[in-house]
Amino acid sequence: MKNKKILLAISVFVIFVIGLAIRLYRLDKNIPTLYADEAGGHYIYRQIILDQSQPLHQRVLNFVKFAPLSYTWIAGLTPLGARLASAINGSLICIGVFFFALSVGKVSKEKKAISISLISCALATLLPWSFMVSRIFSHIPLMLFFITLHLYLFIKSKSIRSDLVSLIPLFIGTYYYMSMAAIAPFAILLVFISIFQKSSAVQKKYLFGISSVVLLAFAYIFIAKFGILDPKGRGLDLAIWNDVNVTADSNFNRGIARNSEPTIFSFGKDTETIGNKLVFNFPISVVNVFTKNYLSFFTPDFLFLKGDNVMRHSTGMVGQFWPALLPFMLYGAFRFFKTSNTKLKSLFLVWILVSPLPAAITKDGATYLLRVITLMPFLTYFCALGIVSFTKLFKNKWLRIVFASVTAMTLIFSAFYFYYGYFHVFPTSSAESWEYGFKEITEFSAVNPEKMLIIWDDRYPYLYFCFWQQLSPELCNPQKIVNMVEMVNDTRVDLPFPNLLFSMPKNETDLSQIVKKYKPMYIVLFHRYAEKFPQIIKDNKLIKEIEYPNRDIAFSIYKVNN
């Protein structure tokens, strides 16, 4: 028995090392390039961790909270420093999934629980969903590790005390990612139902006090850290009911309906009188968008064929799971819900149904991998259970060996197909999604420090310059920069630094006035806006073009002709 445990530990460690090696491969090459949120986030992490002006206890607390999320405090403001934490934390996912799967197998009394757990561990190391989140922000894989640890502790819990202990990793995981604000209440409810069922009549009297303490602790995260009650907070800002575009389809269809003749379905009246108000209104629009977002996570495109629409989260060549896993996932789900006990069925069902909620209630949430990441360990377990259960269907030993060999070779090729696409196709196909070219702009700015206007319509990524040029914290103070905004007619102009401006002019007249007022030496034009601002091309001198890896133009830099 002892030798088996040692062998099992070695097997998990080997899988972990393989996963870490793949995640570390070419990590220092800045391929794909750091994008704005990455560069900015790691710049801020470094400043917080290295801030010596804070009291000792605050510095220790900052180190505990942020040091696992960024190694820029060791490796400096480099791609390796920024992404090393993601690689390490992403490698931990396989360990969390292993223990989660092992607890499910043991409670289900699966004879092949260890085999299922090892396959789950291997899949959670190599599958696209796991690898892709290991290349972005480090807090998401760390969150998932703690969530799987919570599931492991809760599933194998046999006492009230163990149930309460399982809330600790749930609390930590919730702290790391805002999406858990929509999921944690359901997870807490499951834990308290379990506690209630195990409690005696006397113990139930104390449940109110215990539950109040737990709920207050989680409420502190939701309100203080996530600001879910703040009308200007990120959570409410992303909500679909605050999206001006949520009624776009309804407005379009409403306009078409106005041109039709009355029917019995419009109650014999003009469509605008009753029908349009019943069908194409704001609440129905919100429900429609929510439903579309929610169901997008259970489609073949998301799961097996294309993945996330955001090219930072998927290669576009395969989904979150390899297509070869489809029959195993379906059969594994069938076997699980057929043989598992009520507690496990309820746990899986709640988490599977609740996991898409954070993405479904936010704009641009359809197929958004990061906000549905808690769904993946459950589907991965189904795949592993399906593989083992399929193999057991073959009574003949040699047929079982042949099937297992063919399955293994198919999955190995599937992994090769994904990683080949990631390292040889993805850096080029996803370049625009990674905001490719900004590093080159910062390099140009470092050599040419004269005032520069960058025409850009997304979040103004001034922290790119802080990261790549290693600017001082005083210059890059977000509280100061957020107020460095002026208006030229109806156009917003951000002025984070004396020699840098960001703006997306409403028209060429506004652009002309911006140039006249601020007198930039250079104008940087994103390739998408070349047709919108042809006067830049006509009136100024092109001095540099920044190309994507496929040689298409990303940015053009013009010297202003005074």
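Some notes on this structure:
- Test: residue in the stretch 243-264 that is under 25 Å from Leu375 (Cα atoms), surrounded by 13 or more Cβ atoms within 10 Å (Cβ to Cβ) and more than 18 Å from the chain's Cα centre (by Cα): no
- Single condition Thr367 does not satisfy, out of (1) modelled with pLDDT of 90 or more; (2) surrounded by fewer than 21 Cβ atoms within 10 Å (Cβ to Cβ); (3) of a type outside the set (Asp, Glu): (2)
- Those residues of the stretch 59-90 which are at negative phi and among the small types (Gly, Ala, Ser), in sequence order: Ala67, Ser70, Ala75, Gly81, Ala82, Ala85, Ser86, Ala87, Gly90
- Qualifying residue in the stretch 158-175 (condition: farther than 19 Å from Val213 by Cα, of a type in the set (Ser, Thr, Tyr) and either in contact with a helix residue (DSSP H, G or I) (Cβ under 6 Å, 6 or more places away or on another chain) or buried (at least 20 other Cβ atoms within 10 Å of the Cβ) (or both)): no
- The residues in the stretch 103-118 that are of a type in the set (Val, Ile, Thr) and either crowded, with 24+ Cβ neighbours inside 10 Å or not assigned by TED's automatic domain parsing to the domain that holds Ala384 (or both) can be counted, and the count is 2.
- Residue among Asn276, Asn293 that is of a type in the set (S, T, N, Q), within 30 Å of Ala333 (Cβ to Cβ) and surrounded by 13 or more Cβ atoms within 10 Å (Cβ to Cβ): Asn293
- Criterion: free of Cβ contacts under 8 Å to residues at least 60 places away in the same chain and either farther than 30 Å from Met180 by Cα or in contact with a Pro (Cβ under 8 Å, 6 or more places away or on another chain) (or both) - qualifying residue of Leu411, Leu399, Leu375: Leu399
- Note on the stretch 119-139: residues that are assigned to a helix (DSSP H, G or I), buried (at least 24 other Cβ atoms within 10 Å of the Cβ) and in contact with a Phe, Trp or Tyr (Cβ under 8 Å, 6 or more places away or on another chain) amount to 6.
- Residue satisfying condition, being farther than 19 Å from Asn341 by Cβ, part of a helix (DSSP H, G or I) and of a type in the set (Ser, Thr, Tyr), within set Ser211, Ser162, Ser194: Ser211
- Remark: pairs (first residue in the stretch 180-207, over 16 Å from Ser162 (Cα atoms); second residue polar (S, T, N, Q); Cβ separation under 7 Å; 6+ apart in sequence or on different chains) = Met180/Thr174; Ile183/Ser355; Ile183/Thr374; Ala184/Thr174.
- Subset of the stretch 1-26 that is farther than 29 Å from Arg135 by Cβ and basic (Lys, Arg) - its residue that is surrounded by the fewest Cβ atoms within 10 Å (Cβ to Cβ): Lys2
- Taking the listed residues Ala415, Ala404, Ala446, the one that is modelled with pLDDT under 95, assigned to a helix (DSSP H, G or I) and within 30 Å of Met132 (Cβ to Cβ) is Ala404, with no other qualifying.
- Restricted to the stretch 479-538, and to residues there that are in a loop (DSSP other than H, G, I, E, B), of a type outside the set (S, T, N, Q) and out of contact with any strand residue (DSSP E or B) (no Cβ under 8 Å at 6 or more places or on another chain), the residue that is modelled with the lowest pLDDT is Val482.
The values are calculated or read from the model by the stated rules, or taken from the named source; none is laboratory data. Treat the numbers as computed from the prediction; the structure is a model and nothing was measured. Note: ideal-geometry Cβ built from the backbone for every residue, glycine included; neighbour counts use all protein chains shown.
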